[in-house]
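Here's the structure, in structure tokens; my notes come after.
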Amino acid sequence: MTKVTMNVNGRSRSGEVEGRTLLVQFLRETLSMTGTHVGCDTSQCGACVVHVDGQAVKSCTMLALEADGAEVTTIEGMTNADGSLGVIQQAFQDYHGLQCGFCTPGMVMSAKALLAENPKPSEEEIREYLEGNICRCTGYHNIVKAIMAASGQQVEPVAAE
Amino acid sequence: MPKDGGIGASTKRREDVRFLTGTGRYTDDINLPGQAYVHFVRSDVAHGRIRSIDPSTAEGMPGVLKVFTSKDFEAAGGIPCGWQITSRDGSVMQEPKHPILAEGVVRHVGDPIAAIVAKSREQARDAAEALEIDIEELPAVMNMREALKDGAPQVHDSLDSNLCFDWGFVEENREAVDTAIREAAHVTTLELVNNRLIANPMEPRVAIGAYDMAADSHTLYTTSQNPHVIRLLMGAFVLNIPEHKLRVVAPDVGGGFGSKIYHYAEEAFCTYAAKVLRRPVKWTSSRSEAFMSDAHGRDHVTKIELALDADHNFTALRTETHANMGAYLSTFAPAVPTWLHGTLMAGNYRTPLVYVNVKAVFTNTVPVDAYRGAGRPEATFQLERVVDKAARELGIDPVELRRKNFITEFPYATPVAVEYDTGDYHATLDKVLEISDWAGFDARLEKSRARGKLRGIGLAHYIEACGIAPSNLVGQLGARAGLFESATVRVNATGGITVMTGSHSHGQGHATTFAQVVADMIGIDASQVEISHGDTANTPMGMGTYGSRSIAVGGSAMVKATEKIIAKARKIAAHMLEASADDIELKDGAFTVAGTDKSLNWGDVTLAAYVPHNYPLDEIEPGLEETAFYDPANFTFPSGAYVCEVEVDPETGKVEVQGFAAADDFGNVINPMIVEGQVQGGLAQGIGQALLEACAYDDDGQLLSASYMDYAMPRAYDFPMFKVDSSCRTPCTHNPLGVKGCGEAGAIGSPPAVVNAVIDALHRAGHEIPHIDMPMTPNRVWSAIHGGAGPDKDGETMEERSVGA
Amino acid sequence: MYDFEFMKPSSLDEAVAALAEEDAQLLAGGQTLLPTMKQRLAMPSKLISLKDIPDFSYVKAEGDTLTIGGGTTHRQVSEEAESAFPGLASLAGRIGDPAVRNRGTIGGSLANNDPAACYPAAVLATGATVITNRREIPADEYFQGMFTTALDEGEIITAVRFPIPEASRYEKFAQPASRFPMVACFVAKMNGGVRVAVTGASEEGVFRWSEAEEALTATFSADALEGLAHPANGMISDIHGSGEYRAHLIGVMTKRAVLHLT
């Protein structure tokens, strides 16, 4: 076992891990931060996306030891300082961009990375960027809308009477 | 306009906050003190005899607590099937035992042979590699037609054949249908495959068994759509645990789409092993494991014939289907190709004579069961494809052919034993033509042509039976369970309400919608109502969530319980206001004596129920808590019209969905935002079936599409923005909310719309191609146009699979 | 996965020394290796991370060549090669998905030589040079079939040197499930003629389509490809596409690349 230390959502966190311990296992099992999910074993579904040193990565395809000394941001670190939903999170709720919620942490983290690179993405750019995030519930329609809305762009309102 | 929180409002979902902040509680997020981990050793051959299992090396590996084989389950029952079908000849279906761990024979790749429990997940897996298993490989049978031939390999030696049942419906119509088809002015025939799919909820299955020695009671945490059903099936049939000693908890569940209805061996294993080992036992499926252990869906091969008279009235319909059951019967499997399929074969049309024949077949594949829509997508697909083909053969407009044959008067008794209570098929058709801009297609076609692309437009209608359904009826049809739902409404002294429902939410937003209903009935803010579900310890009974039944059946039970609450509260208010209960009106959360300004707030009355100082104790019990069970009088019948518009790249065969419009009639709608979200998700799954998804096996029974590297999951860029409308509403006549259910519609109506659009695109380019099997991959479409070779093994060709009628 | 010892050397020499141990393996971005290990299809006793090796991650344009460090991520290439070699930047920006591009490296991709990887097409089409800790290997000698390269035991890709083409384009037709190339073609208009490399299609991995190269060298236009068809034998045939279909797509993708450039 080797000691690993990283800064997770602004707090220094340490733990003992094996060489084979994945970053997602360190988060979920060692730190009990279960917001980051595992939905596949071929690095495709994106439920495990977190940010390492400001870049989106699949935490199921990175060893915990590779993140030693890194700044890690997870879904648990996405709220505002007062605990209220951040802009992207709020847009996902406002535009019904989630149903079962399982892919949602990865979607939000990918959306955050996209908007950091491209503050006003087009619908097509959003859809392309989400190649590595699979959602089985929403048909992506409202996820795309939520991300557009979070970037301050005009979207159709949700259905009403 | 409705209030923000009442019926009809697009209230934001309250459950979202925990999902958006990483504080949801899914089964894999639960870890119990001292828990051990199980790894299942699964068959890597499709069919084989287990000569021996030597656990000695594995047992000595670090951390290993026990190696289980079928010998450990000699006292346990098999995984039960919940539905019994009777064949045409009056015999009941063949029903093989489905053991928890294979008993001497493995029957599909993924069939569990042994289970290793260790202190860590990796230790269990390390030991699995040391387990010595000697298997004699046997010939496997994959193709249904082959399976029914004499001399075919037998999936179960204990059965007479690989035929599970041969079902005819309605058997009395058979001769009349044959005659009508023989004498028809025109008959359109089509053979097609409804491709095998894998549900793929993003959360893989998880089970944690725990045993409390002091209380001699068991707890199972599981990713289930219906914890009470698991408690009943596993307790009564598999492990012989009485229900009062077994608690089943299904916390936040990351999608189901049918695949989490069934009772699975892994659940029984963890529950049992926890008692044997005196410590909790946890199993978390990997995605690869899910591909070979979650029930698959669809997999029908059908020949359909539609007869028309000279005026293009439909006169008769005959279908013959082979339905793949896989190697064992999953919980609902026999019901899917029969009662959930045959009863819908009339569709939206007045066809007077219908006959449906279904042969259910065992093969060496993963068991097949209900997947979003379950039987109804299969019925809709064949019907809407053959109607489109008939229009093309007769040279008439597919819109007009449908209109001419629509059912227009309700209630309508179909020739396949169901009665549609309400509907307006012209209305949804008009609506979808409008929102899809059907009339403007030609201009878009020209633009596509200018870019070198083919363009087509396709229409499909659907009818589905939801809200499954009267217990006395389904009992006659072979169901081994009731299909009611229950709810308990618990009003607290200060007026807040907890509703305990047997429905289960795994993405549908019940916590929000159900609260809207109760709040609306009483006239209080929805924040005053909390919905609790998913735990057999706190809900009286529940049959769970599937078949788009939650609001129609579970919601109705909740309405009935709330009505009881209101009736009692009115009596208490009458006493307090010194008036007759008949004169008390409840409006906006206040009880008022009619025609006066004498009034009490909701909270005043609820407080009196629990602080009964001035209270008619001789007439009314204190407290305010009511339970209702609701058993529906009929199915509900949502319907709708879908239009798909595609572009086809003639050089590569790639199909792009350019537009998709859906006009649904769900009756009354509680939360339009959530309803639209359900339709959008269903459309994605239906379009996925039509263009991308296929579960493929090779001839030896190896699963070729065994991960996301080969099973094509739809991505965001596979879709356009959808146009979804649910403004056409003919309320259900027999449930209190007038609701019909919306969960499956999108997946039911969309596949034929997509295929019709592609066939239309090819037709407009001069390629007369009667049909292309789903998924319409680029290779298949290209081959259809150019005649080149199709892809390997993504479903056999129609000729190989033909039902041979 | 099986357990292993993890080490993160801070110099190339240290990494080379560690690699000499039996069953030691390099870990670049890990985007292929880690999924393989999760399936227990690889069993290294030691994983040597290249992350801390200095001067291993860069994109440098000098005259008519572009040199990329072995540890450079796809994302860096897609951003930093854009002005000097847009065809390569575009290829890098379409590998996998954004999260994969943030970890996966050019050295890792080339060392693995997956028959459906993107980079080999650019390397082969431009006649680039693979630079290792020991030698320089021309692209035409580097790729030796599916998952097979000219790399020896203990050899580490330190950089790749591309001659910058006059014009280039990568056209990819994605396999519907993995979204790896089912067939992808890199067309490079070089100083001395046109080169066309194809990935995803062949059982032998990346290869050059010489007939198309000759035709395009003679006349660089889509019309020059008229009547040319790649034979289907040797092409991968699976549930996503037959060999015949893949062979057909080679023609379509090559033509589209040329159309994009003319």
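Numbers at a glance
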{"item": "Near-label residues of the stretch B:317-355 by backbone N, under 15 Å of a point 7 Å along Cα→Cβ of residue B:396", "result": "B:349-352"}
{"item": "Surrounding net charge for residue C:168, when Lys and Arg each add one and Asp and Glu each subtract one, Cβ distance under 10 Å", "result": "+2"}
{"item": "Under 5 Å, built H, 5+ apart or other chain: amide partners of residue B:186", "result": "B:308"}
{"item": "Cut-off 14 Å between beta-carbons: net charge of the residues surrounding residue B:184, Lys and Arg +1, Asp and Glu -1", "result": "-4"}
{"item": "Residue C:167 long-range amide H proximity, modeled H, under 5 Å", "result": "C:189"}
{"item": "Simple spin-label estimate for residue A:71 and residue B:426 in nanometres, 7 Å along Cα-Cβ", "result": "6.6"}
{"item": "Whole-Å semi-axes of the ellipsoid equivalent to the stretch A:38-161 (Cα gyration tensor, √5λ, descending)", "result": "24, 16, 14"}
{"item": "Which of B:483, C:259 is most accessible, then next, and so on - probe 1.4 Å", "result": "C:259, B:483"}
{"item": "Computed FRET value (nearest 0.05) for residue A:53 with residue A:84, which takes r as the C-beta separation and R₀ as 30 Å", "result": "0.70"}
{"item": "Counting all C-alpha pairs of the stretch C:167-261, share separated by more than 24 Å (%)", "result": "15"}
{"item": "Which of B:243, C:21 is most accessible, then next, and so on - probe 1.4 Å", "result": "C:21, B:243"}
{"item": "In Hz, Karplus ³J(HN,Hα) per residue of the stretch C:71-84 (6.51, -1.76, 1.60; θ = phi - 60°; x = Gly, Pro)", "result": "x, 6, 6, 4, 5, 4, 5, 5, 8, 8, 8, 4, 6, 7"}
{"item": "Distance from the stretch B:239-285 to the stretch C:93-140 (C-alpha centre basis), Å", "result": "47"}
{"item": "Crossing angle, helix A:141-150 versus chain A [Cα axis fit, 0-90 degrees, rounded to tens]", "result": "80"}
{"item": "Value at 222 nm in deg cm²/dmol, rounded to 500, when DSSP H runs of n ≥ 4 in chain B each add -39,500 (n - 2.57)", "result": "-8000 deg cm²/dmol"}
{"item": "Interface area, C with B, accessible, probe 1.4 Å, both sides summed, Å² nearest 100", "result": "2300"}
{"item": "Long pairs among A:3/B:66; B:71/B:275; B:12/C:38, criterion Cα-Cα beyond 28 Å", "result": "A:3/B:66; B:12/C:38"}
{"item": "Heavy-atom accessible area order for B:288, B:91, largest first, 1.4 Å probe", "result": "B:91, B:288"}
{"item": "Built amide H within the under 5 Å cut-off of residue B:466, gap 5+", "result": "B:636, B:637"}
{"item": "Point-to-point label distance, residue A:153-residue B:32, nm (Cα→Cβ direction, 7 Å offset)", "result": "4.8"}
{"item": "Chain lengthening between residue B:185 and residue B:157 when straightened (0.36 nm per residue, less Cα-Cα)", "result": "5.3 nm"}
{"item": "Cβ-Cβ FRET estimate between residue B:527 and residue B:18, R0 fixed at 22 Å, reported to 0.05", "result": "0.90"}
{"item": "Rounded to whole Hz, the Karplus (6.51, -1.76, 1.60) HN-Hα couplings of the stretch B:236-244, x for glycine and proline", "result": "7, 9, 9, 10, 6, 10, x, 4, 6"}
{"item": "Cut-off 20 Å, label 7 Å out along Cα→Cβ of residue B:311, residues of the stretch B:342-363 by amide N", "result": "B:348-354"}
{"item": "Debye, to nearest 20: dipole size of chain B, +1 on Lys, Arg Cβ, -1 on Asp, Glu Cβ", "result": "1000"}
{"item": "Charge dipole (chain C, unit charges on Cβ, about Cα centre) - positive-most of C:35, C:222, C:176", "result": "C:176"}
{"item": "Rounded to whole Hz, the Karplus (6.51, -1.76, 1.60) HN-Hα couplings of the stretch B:757-770, x for glycine and proline", "result": "5, 5, 4, 5, 4, 5, 4, 5, 9, x, 9, 8, 10, x"}
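The values are calculated or read from the model by the stated rules, or taken from the named source; none is laboratory data. Given the structure is predicted, the values throughout are model-derived calculations rather than measurements. Positions of Cβ are generated from backbone atoms using ideal geometry, with glycine treated the same way; all protein chains shown enter the neighbour counts. Just so you know, the surface numbers come from the protein's heavy atoms only, side chains and all, with ligands and any DNA or RNA stripped out. Shrake-Rupley method; radii C 1.70, N 1.55, O 1.52, S 1.80 Å.
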